[in-house]
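Colleague: Please find one structure pasted underneath; my questions will follow.
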Amino acid sequence: MKFAIIGGSGLTQLPGLEQGRRQVVRTPYGDPSGPLTHGSLNGVELVFLARHGYGHTIAPHEINYRANVWALHSAGVDGIVSVATVGGIRPEYGPGVLVLPDQIIDYSWGRRSTFFEGPDQPVTHVDLTVPYDDRVRDRLAKAAANLAEPLSLVGTYGCTQGPRLETAAEIRRMERDGCDLVGMTGMPEAVLARELAIPYAALAVVANHAAGKGDSRDAISLEAIGAVLEGAMARVHRILAEFMRLSVPPSR
Ligand code: HPA
């Protein structure tokens, strides 16, 4: 088993990743956000990619999601864990809460969201009824449980276009739609992984109450987000290390 971790805001590097090599991958869809880092965590091989680039310079709508997912596929990964920073819409999903989303609604637009296009590609409709892979989710849940780290297992992620944050009315609409979380990068990453049959799950880190909610009633404090992420990413990191340990087949 070789897993990939895509790190989002707050996770441009993976501390503890005993670094092997960096690999520049070119794809038919252009360049990924950066070279792939091949290394190991807890003694288990993995591939890491910083979604926004290692210097955090690529905005959500500018990310070449196709190149990223293609590059990981060509590296032969058996699954992807995406670490995603989000705003919390559900009142109990406040800053610092960790959630494994189980559904997603896509509000983004203008992103290249399929590999199946162009004159030589057959029209292909992938099934996305269940957008996140159950086995990857279960293993993440088990990793968190082993560490007694609270992790909510229910959440619909609404993916907005960004890079601006939402208006309070947009968040109210998303809430009526059934969204519990709001982020900017969940799509098309999830569907592209599905198109290439790579099991994919997201580990969402709530950085702030969404616009108009809780202490973001009047504005979202960007200063507070940095401190929240710093604390939360240490917990994410522990969960990922335990996840990797659980990914080792029993025969080893
Ligand atoms: N909205 C969208 N994306 C986000 C937010 C938010 O409030 N917080 C972190 N990522």
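Colleague: For the stretch 171-181, give me each residue that is closer than 26 Å to Thr129 by Cβ and open to solvent by 10 Å² or more (accessible area, probe 1.4 Å).
Modeller: Across the stretch 171-181, the qualifying residues are Arg173, Glu175, Arg176, Asp177, Gly178, Asp180.
Colleague: Checking Glu92 against (1) surrounded by 13 or more Cβ atoms within 10 Å (Cβ to Cβ); (2) outside any helix (DSSP H, G or I), only one condition comes out false. Which one?
Modeller: Looking at each condition in turn, Glu92 falls short on (1).
Colleague: What are the pairs, 6+ residues apart or on separate chains, where a residue within the stretch 213-230 that is near the ligand (Cβ under 9 Å from one of its atoms) has its Cβ under 6 Å from a residue that is in a helix (DSSP H, G or I)?
Modeller: none
Colleague: Please state which of the following conditions Val86 fails to meet, knowing it meets all the rest: (1) in contact with a strand residue (DSSP E or B) (Cβ under 6 Å, 6 or more places away or on another chain); (2) part of a helix (DSSP H, G or I); (3) within 13 Å of the ligand (Cβ to nearest atom).
Modeller: (2)
Colleague: Which ones in the stretch 12-24 are over 18 Å from Gly55 (Cα atoms) and in a loop (DSSP other than H, G, I, E, B)?
Modeller: Correct list: Gly16 only.
Colleague: I'd like the residue in the stretch 25-57 that is out of contact with any strand residue (DSSP E or B) (no Cβ under 9 Å at 6 or more places or on another chain) and either at pLDDT 95 or above or not in a loop (DSSP other than H, G, I, E, B) (or both) and, out of all such residues, is most open to solvent (accessible area, probe 1.4 Å).
Modeller: Among residues in the stretch 25-57 that are out of contact with any strand residue (DSSP E or B) (no Cβ under 9 Å at 6 or more places or on another chain) and either at pLDDT 95 or above or not in a loop (DSSP other than H, G, I, E, B) (or both), the one most open to solvent (accessible area, probe 1.4 Å) is Arg26.
Colleague: Take Val236 and tell me if it is modelled with pLDDT of 95 or more, within 11 Å of the ligand (Cβ to nearest atom), of a type outside the set (Ser, Thr, Tyr) and under 23 Å from Arg137 (Cα atoms).
Modeller: no
Colleague: Here is a follow-up. Please find, within the stretch 58-83, the residue that is nearest to the ligand (Cβ to nearest atom) out of those that are of a type in the set (Ser, Thr, Tyr) and assigned to a helix (DSSP H, G or I).
Modeller: Tyr65
The values are calculated or read from the model by the stated rules, or taken from the named source; none is laboratory data. None of the values given here were measured: they were computed from a predicted structure. Neighbour counts run over all protein chains shown; Cβ positions are idealised from the backbone, glycine included. When the accessible area is computed, the model is the full protein with side chains, heavy atoms only, and any ligands, DNA or RNA have been set aside. Shrake-Rupley method; radii C 1.70, N 1.55, O 1.52, S 1.80 Å.
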